[in-house]
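Asks: For reference, the structure I am asking about is given below.
Just so you know, all these numbers are worked out from the coordinates, no wet-lab data involved. Quantities reported herein were computed from a predicted structural model and do not represent experimental measurements. Note that each Cβ is placed from the backbone with ideal geometry, even for glycine, and that neighbours are counted across all protein chains shown.
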Amino acid sequence: MEHGDNMSKTPYELIGQDALYQIIDNFYNLVEKDNRINYLFPVDFSETSRKQFLTQFLGGPDLYTQEHGHPMLKRRHMEFTISDYERDAWLENMYTAIQHANFPASVGDYLI
Ligand code: HEM
């Protein structure tokens, strides 16, 4: 792909919906098995809102806002106790999820 092409595309377009959803699926599979943080999450891991959020965060259609309103991420996380320990576990799982998704390495580097 030409450099010029990349400049005119949103990150969402570069990554593509399939790879993005793959990241979230990978992430939830990892979190579900991670005893450091899995107790914080609902038993029924409904990952739709994450897919919607990341789609819009990376320049795709604003699916999250259409269904849930403003993300207000700080407010939506207030009820959970998240210290450095939980933060590191979350980031580690997201990092692994990105590494294992199927897209060009340059896109993974951008996300990380
Ligand atoms: C930059 C980092 C993060 C982003 C972008 C993010 C994003 C999100 C989003 C979009 C939601 C869904 C909100 C909703 O509509 O209900 C959510 C929920 C949640 N987040 Fe985070 N989050 C981050 C960090 C963390 C960390 C570090 C933890 C704890 C280890 C955490 C724990 C949770 C929990 C327990 C929920 C509710 C359950 C769920 O909806 O799956 N998040 N987060």
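Asks: So what is the calculated 222 nm ellipticity per residue for the chain, using -39500 (n - 2.57) for each DSSP H run with n of 4 or more, over all residues, to the nearest 500 deg cm²/dmol?
Replies: It lands at -18000 deg cm²/dmol.
Asks: Roughly how big is segment 23-92's charge dipole about its Cα centre, with Cβ charges of +1 (Lys, Arg) and -1 (Asp, Glu), in debye to the nearest 20?
Replies: Dipole about the Cα centre, nearest 20: 200 debye.
Asks: Also: Over all directions, average the projected area of the Cα convex hull of the chain and note it in nm².
Replies: For the chain, averaging the hull's shadow over all directions gives 7.6 nm².
Asks: Working from Cα positions, state the angle (0 to 90°, nearest 10) between the long axis of helix 84-99 and the longest principal axis of the chain.
Replies: The answer is roughly 40 degrees.
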